[in-house]
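Written out below as structure tokens is the structure these notes cover.
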Amino acid sequence: MLCPLHKYKPCRIRSLASGFWEPYCALERPLSLFLTLYKAKLCPKKLQNRLVSGCQVTITFHGREGVAIGELRTELEEEGLLEHIRRSRMDELLAMADRDRDENITYREFYRMMTHDLTVEERRPFKRVMRAAIADLVPRRMREDFLANYNCCPPPLFIPLISAIEIGIFIYYVFDLKDQGIETTATSGVPIKSPLVYNPRRRYEAWRFASYMFIHQGYMHIISNMVFQLAFGLSLEVVHKFWRVGLVYVLGALAGCLLHSLTDMHVSLVGASGGVYAILGAHVAAIVINWREMNYRCMDPQELEDNVCCGFFRILLSAPVRLAIILILVVPDTALAIYRRVTEPDDFKVGVSAHVGGFVAGIFMGIVILRNIKRHTWERNLGWLTLALYLAFVAFTALFNVFYPGYPKTDWSSL
């Protein structure tokens, strides 16, 4: 049964829209006032919290200083806030929120702005846009310190998965070749008739330009690839996550086979070396776009004094040391591959082009795809350039494979 609210004198109730006390007179429509009073009595605090839900953890993650106003303003503009309110009003709200004038907004300041400073009409668009803008901002420590971006959430997935698939396929063909009377040794044993092998006579089967990475020739071939793949792929995936590393890996394997098809037109190709070298090239790309962040507090006497292990770890993972390790591994291995390519019989020749193509593609696409902790204008321009070069290379090699008449005669027979 409803109360006779029309008999009540003017009263003060908590406004659900603005979050502070405002005078209200009894309305002529008792039912409408009753519902308003009922909701206000029920959960005024809950409704205020709903305005800032989902933002506390994100803002707190940025540290005690909060979110930088300049960066927040840029993100709000990019998220489309100016479609709902004027720029002068946005600047006014941000200035009001920064009550201590430190050019940062803490969660306390953000809460007061959302519950006190905004009008009813501004709250809905501001809440939606603000949540997206804050989520896009990278905390200051993570922008400055590359090591702060190492985490296992989500854990590495692509490298363990692709390695397990490659090992499984290798084991399958070991037994398959054994049934045919062919023994797999350290350097021999390849299922040349497999539909996964790149065969220059069957280039119309386009999947072979990528599926060749699942086939290996002998135990030493797959063991060496798996060691490099796990050693360098897992560390890359911890920072850049599986979707970025997986895309670079596949694009590198594709580029390696396309370059091989230009330089060794009559030679089949197997092995994951194109993808493995793409991982190594991706490390170089990560060094290029995160050079300053990787050198954060490197050789800092205070860091070494406070924590010797952490200081030594920073030195080992600094950009110059990373680059030196990659070059020490890549240059001798490539030189040995070139030597074997020139001097050894055809059955033992190494596809150097796949190594080179995968490595260069890893650098080019790594600059575009991998996580850039603090993106600069020149890095963005470099990314567009490397993307254009990669796409031009793929287009040129694809057309070359289609129209060049010097390839072996096409084999149209069924397998």
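The values are calculated or read from the model by the stated rules, or taken from the named source; none is laboratory data. Keep in mind it's a predicted model, so treat the numbers as computed, not measured. Don't worry about glycine lacking a Cβ; one is built from the backbone with ideal geometry, like all the others, and counts go over all protein chains shown. Protein only, heavy atoms only, side chains kept; ligands, DNA and RNA dropped before computing areas. Shrake-Rupley method; radii C 1.70, N 1.55, O 1.52, S 1.80 Å.
Tally up the residues in the range 375-410 that are aromatic (Phe, Trp, Tyr) and over 16 Å from Val360 (Cβ atoms), please. Reasoning before the result, please.
Step one: list which residues in the range 375-410 are aromatic (Phe, Trp, Tyr), which gives 378, 384, 390, 393, 396, 400, 403-404, 407.
Adding the requirement that they be over 16 Å from Val360 (Cβ atoms) leaves 378, 384, 400, 403-404, 407.
Total meeting the criteria: 6.
Residues are listed down the side, and each one gets a yes or a no for (1) aromatic (Phe, Trp, Tyr); (2) open to solvent by less than 50 Å² (accessible area, probe 1.4 Å); (3) over 23 Å from Glu71 (Cβ atoms):
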| position | (1), (2), (3) |
| --- | --- |
| Asn372 | no, yes, no |
| Trp378 | yes, no, no |
| Gly383 | no, yes, no |
| Thr386 | no, yes, yes |
| Ala392 | no, no, yes |
| Thr397 | no, yes, yes |
| Phe400 | yes, no, yes |
| Tyr404 | yes, no, yes |
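It is to be established whether one or more residues within the range 243-251 are touching a residue at least 40 places away in the same chain (Cβ under 8 Å), surrounded by fewer than 23 Cβ atoms within 10 Å (Cβ to Cβ) and touching an Asp or Glu at 6+ places or on another chain (Cβ under 9 Å).
Within the range 243-251 (the criterion being touching a residue at least 40 places away in the same chain (Cβ under 8 Å), surrounded by fewer than 23 Cβ atoms within 10 Å (Cβ to Cβ) and touching an Asp or Glu at 6+ places or on another chain (Cβ under 9 Å)), the answer is yes, since at least one residue qualifies.
Where in the range 203-318 are there helices (runs of 4 or more DSSP H), lying wholly inside it, with at least 2 residues that are modelled with pLDDT under 95, among the charged types (D, E, K, R) and touching a Lys or Arg at 6+ places or on another chain (Cβ under 8 Å)? Walk me through how you get there before you give the answer.
Numbers: elements: 208-211, 219-263, 273-289, 291-294, 301-306, 308-316.
Counting at least 2 such residues, we get 219-263, 291-294.
From the set of residues in the range 270-297 that are closer than 22 Å to Val331 by Cα and open to solvent by 10 Å² or more (accessible area, probe 1.4 Å), which is farthest from the chain's Cα centre (by Cα)?
Of everything passing the filter in the range 270-297, Val270 is farthest from the chain's Cα centre (by Cα).
Looking at (1) in a helix (DSSP H, G or I); (2) under 20 Å from the mean Cα position of the chain (by Cα), can you tell me which one Lys374 breaks?
It fails just one condition, (1).
Can you pull out every residue in the range 142-191 that is at pLDDT below 95 and small (Gly, Ala, Ser)?
Matches in the range 142-191: Ala148, Gly181, Ala186, Ser188, Gly189.
If I go through the range 48-68 residue by residue, how many of them are open to solvent by less than 10 Å² (accessible area, probe 1.4 Å) and either at pLDDT 75 or above or among the β-branched types (Val, Ile, Thr) (or both)?
Summing the residues that are open to solvent by less than 10 Å² (accessible area, probe 1.4 Å) and either at pLDDT 75 or above or among the β-branched types (Val, Ile, Thr) (or both) in the range 48-68 gives 3.
Residues checked against (1) of a type outside the set (A, V, I, L, M, F, W, C); (2) surrounded by fewer than 20 Cβ atoms within 10 Å (Cβ to Cβ):
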| position | (1), (2) |
| --- | --- |
| Tyr204 | yes, yes |
| Arg208 | yes, no |
| Met213 | no, no |
| His221 | yes, no |
| Val227 | no, yes |
| Lys241 | yes, yes |
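Would the range 117-124 turn up any residue that is within 15 Å of Gly70 (Cα to Cα) and surrounded by fewer than 19 Cβ atoms within 10 Å (Cβ to Cβ)?
First, the residues of the range 117-124 that are within 15 Å of Gly70 (Cα to Cα): none.
No, every residue in the range 117-124 fails to be within 15 Å of Gly70 (Cα to Cα) and surrounded by fewer than 19 Cβ atoms within 10 Å (Cβ to Cβ).
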